[in-house]
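Just below is one structure, and these are the notes that go with it.
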Amino acid sequence: MEEAPMSYIMVWLAPWLGAVLVLLMHRVGGRAKGLVGVASLLVSAIFSTLLLQRALASEEPLHFAAEWVPSLGVTVGYYADALAAIMAFVVAWLSFLIAVYSLEYMGHDPGQTRYWFFFTFFVGSMEFLVLADNLVAMFIGWEGTGLASYALIGHWFTDEEDKWVGDPGRKALGIPMWFEPSHSGLRALVFTRLGDVGFLVGIAVLHIMLGTTSLEAMAANPAGWAALLASKGILAAFLAFFIMGALAKSAQFPFHEWLVTAMTGPTSVSALIHAATMVKAGVYFLLRVTPILAGAASALRVTSPEVYHTIEGFFAWIAIIGGFTAFMMATMALVSRELKLILAFSTASQLGYMFLATAAGALTGTAALGVFAGLSHLVSHAVFKASLFLAAGAIIHAVHSRFIDDMGGLAAYMPATFIAMLLASLSLAGLPPFMGFWTKDTVLHAAHEAHAQVAFMLGFITALLTAAYTMRMVLRVFLYEPSNHVAKHPPHEAGKLMLVPYALLAVISLAGGALWPKLEEGFAEVLSEKTLGLGTPLHLEPSVSLMAASVGMVVAGLGVSFYVYHILVAKPMETISRIPILYKLHTFLYDRWFINAIYYRVVVDGLKALSRAIYNYIDQAVVDNLYHRFLPWAIMGASSLLWKTLEHWIDTGFHVSLVNGVLSFSDRVRRMQTGILNHYILFLWLGLTVMLVLITWLAGW
């Protein structure tokens, strides 16, 4: 294969260069910085398109690498098989559309330099991660997205109340359930860093075993290093640590809490995080390593059944975690009052679907099904969720409230936004012929084929819940009776720079769904044949009965919400508040299963208690007493003892005995000075005699 052009590094380099230019332009107007940011992302999107075209046409993956850290075998460049090229394409174009939206949405924000620097840096880091050919380079991009998310989630760090997430004053188990931007940014950083420690441990172990972290090297002999890890008894622990970063990054239970409160950032940031970057990094990592791990399991199924069962158990647990996350977050979305928060719960739920799909597909014996199902839903979700978040931003901007209780009847004021959000919502709900229907059905199909009953049932029930909360959201915002807030502050349609991106994405979600039956086979074939670790074509065999059951669940969910909120125009909280068991259930769901409160009670308060105990019993009782009481006492005691013994003896010897001795000797010498000449002559001859005797003796005469 001829060498791939170096110019394709512009996919990740262009956004980073844009970030540098934004910093250099810190004294220039915000509009100019926004245009630079958008232009850099357009360049990245164009090169990602060229890269995708060439990657799909090439027989081999496109690979360009320059040495970076030779001692670690780390290179910098790009590795573009079908999986990476498709992912890079989706990230680049969605980020570009969100950036165009941001030109108007953030047009009057005072923090333009910070916003556009971290926005473009975010996208560049994500592309660097996606196109990395080794795990260390991937980790660099991984951490870059984490740093940018911290800054963007906490962009409005002055913490005005209208930028909060949660109900001000509400508490669960005594723990506040409202979060300021500065707090939320820190939560995102801490939660994801916890998982990243495990990821870093996994990278280190692989480097020790292989001497490299190259993805190609991992895929070349997966059975070898998997068997070696198993022989040392650390394969299961390695897999647990290795996947921890992906679970945290993609907000899977028990790391999901950071994503919920990330809604404090600008809505354009929420769209970027939820649709194109950050949370999709964990799914991408799972898609990247699943063929490699499945290849190891397949190769060792007969010769090392313990390795096969360990890897199979790993995928089974990932499927259950994904299914449980999907179900749990959907239950929270059912009762949420904040528009962006409903969408945040939805994102975590759909990410659970992606984990379920990828892991379940691997359990069927062909990792290609898992990669196809997981990536298909990732792409589908990216399109309709970006549209939903961008539309939500326009609604909140127009209504001046984040609560759906302050909305209602907006279809009359914002008809274009209503149509766009309706299309994207029906795709989220999984109604045919929208793209979300086909990809969600593929997820359930993979779980059904894998015979993962628990994960499948969780995913199946989630389909009903998703349709219900999605229709509730649309009706409450657009068709429900208008609130007093809307009457006092009549909203208006968003400007074209904001409207066009989310309207276009909503249309793509519908058009993609209409074309999906024709594109599905080709997409599956290309992906399965040109993805690292795969190589065999995937033949899809959809289940008509399963599809019908899935549609039935969706229709039931949509129908119930439509009847309650549009036909009856009911106010469910009035009924719920009168029935204690329903009120307690509502509180349980509204307060997010009390998981956040438990984290603060157990982890945060526990660490505080531990810190206080360490201060009281170690710092004060041991360290403080040791340094400020025992050591001074010991030193003073030793000093006194030395004074009474050695120092006293030395002092007496030098100042008394020695002086007395010298004086005595001086007195005796002085007595010899008689003043008689004969005595002096005698002493002289005696001295000369002694000297002559000594000289004679020493000379040997």
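Each reported figure results from applying straightforward, stated rules to the coordinates on display, with no laboratory input. Just so it is clear, the model here is predicted, and its values are computed rather than measured. Please note: Cβ atoms are built from the backbone with ideal geometry, for glycine as well, and neighbour counts cover all protein chains shown.
With runs of 4+ DSSP H residues as the only contributors, calculate the mean residue ellipticity of the chain at 222 nm using -39,500 (n - 2.57) per run, divided by the residue total and rounded to the nearest 500.
-22500 deg cm²/dmol
Which whole-Hz ³J(HN,Hα) couplings does segment 652-660 yield from phi under the Karplus relation 6.51 cos²θ - 1.76 cosθ + 1.60, θ = phi - 60°, glycine and proline marked x?
Computed from phi, the couplings for segment 652-660 are 5, x, 6, 9, 10, 5, 5, 5, 5 Hz.
At 7 Å along the Cα-to-beta-carbon direction for both Lys171 and Trp633, put a label point, then send me their distance in nm to one decimal.
Taking the two extended label points, one gets 4.3 nm.
Segment 113-129 to segment 566-584: how many Å between their Cα centroids?
One Cα centre to the other: 44 Å.
With 26 Å as the limit, write out which pairs from Lys385/Lys584; Lys340/Lys530; Lys249/Lys340 have Cα-Cα distances beyond it, or answer none.
Lys385/Lys584; Lys340/Lys530
With the dipole of the chain worked out from charges on the C-beta (+1 for Lys and Arg, -1 for Asp and Glu) around the Cα centre, which of Val560, Tyr79, Leu610 lies farthest toward the positive end?
Toward the positive end, the furthest listed residue is Leu610.
Taking neighbour Cβ counts within 10 Å as the exposure measure, how do Val91, Val474, Val76, Val564 sort from fewest upward?
Val564, Val76, Val474, Val91
Pop out the ³J(HN,Hα) list for segment 42-47 in order, Karplus 6.51 cos²θ - 1.76 cosθ + 1.60 with θ = phi - 60°, rounded to Hz; leave Gly and Pro as x.
Values, residue by residue: 5, 4, 4, 5, 5, 5 Hz.
For segment 1-113, would you read off the P(r) tail past 20 Å as a percentage of all alpha carbon pairs?
Result for the distance tail: 49 percent.
Could you state the number of Å between the C-alpha centres of segment 23-53 and segment 612-674?
Value for the Cα centre distance between the two parts: 76 Å.
From the gyration tensor of the Cα coordinates in segment 300-435, what semi-axes in whole Å does the equivalent ellipsoid have, largest first, with each one equal to sqrt(5λ)?
Ellipsoid half-lengths, sorted descending, are 38, 15, 9 Å.
Neighbour counts of other C-beta atoms within 10 Å: give me Ser483, Ser268, Ser550 arranged from fewest to most.
The fewest-first ordering by Cβ neighbours comes to Ser483, Ser550, Ser268.
Work out how much length Met547 to Leu610 would gain on full extension: take 0.36 nm times their residue separation and subtract the Cα-Cα distance, in nm to one decimal.
The Met547-Leu610 span can extend by a further 17.4 nm.
Quick one: what are the phi-derived ³J(HN,Hα) couplings along segment 171-176, Karplus 6.51/-1.76/1.60 with θ = phi - 60°, whole Hz, x for glycine and proline?
10, 10, 6, x, 9, x
Work out the FRET efficiency for Arg301 and Ile234 from their Cβ-Cβ distance, taking R0 = 22 Å, and round it to the nearest 0.05.
Computed FRET efficiency for Arg301 and Ile234 comes out at 0.60.
What label, among (1) 44; (2) 53; (3) 49, belongs to percent of Cα pairs over 35 Å apart computed from the structure on display?
So the structure-derived entry is (3).
Give the aspartates and glutamates reachable from Lys163 as a straight Cα distance under 15 Å; neighbours fewer than 8 places away on the same chain don't count.
Asp109, Glu180, Glu338
Answer rounded, prolate or oblate for segment 434-576, using the Cα gyration tensor with square roots of eigenvalues a ≥ b ≥ c: rounded when a/c is under 1.5, else prolate when a/b is larger than b/c, else oblate.
Oblate shape, in that a/c is at least 1.5 and b/c is the bigger or equal ratio.
Where does segment 598-674 land on the Kirkwood hydrodynamic radius, alpha-carbon pairs, in angstrom?
That comes to 17.8 Å for segment 598-674.
Tell me, in nm to one decimal, what length is gained between Ile650 and Leu540 on full extension, where the rule is 0.36 nm per residue of separation less the Cα-Cα distance?
Length gained between Ile650 and Leu540: 29.8 nm.
Give the order of Tyr469, Tyr583, Tyr502 when sorted by the count of other beta carbons within 10 angstrom, beginning with the fewest.
Least to most surrounded, the residues fall as Tyr583, Tyr469, Tyr502.
Measuring from label point to label point, each 7 Å out along Cα→Cβ, what is the Tyr563 to Asn660 span in nm?
11.7
Taking the Cα centre of each part, how many Å lie between segment 277-343 and segment 480-516?
Distance between centres, Cα-based: 32 Å.
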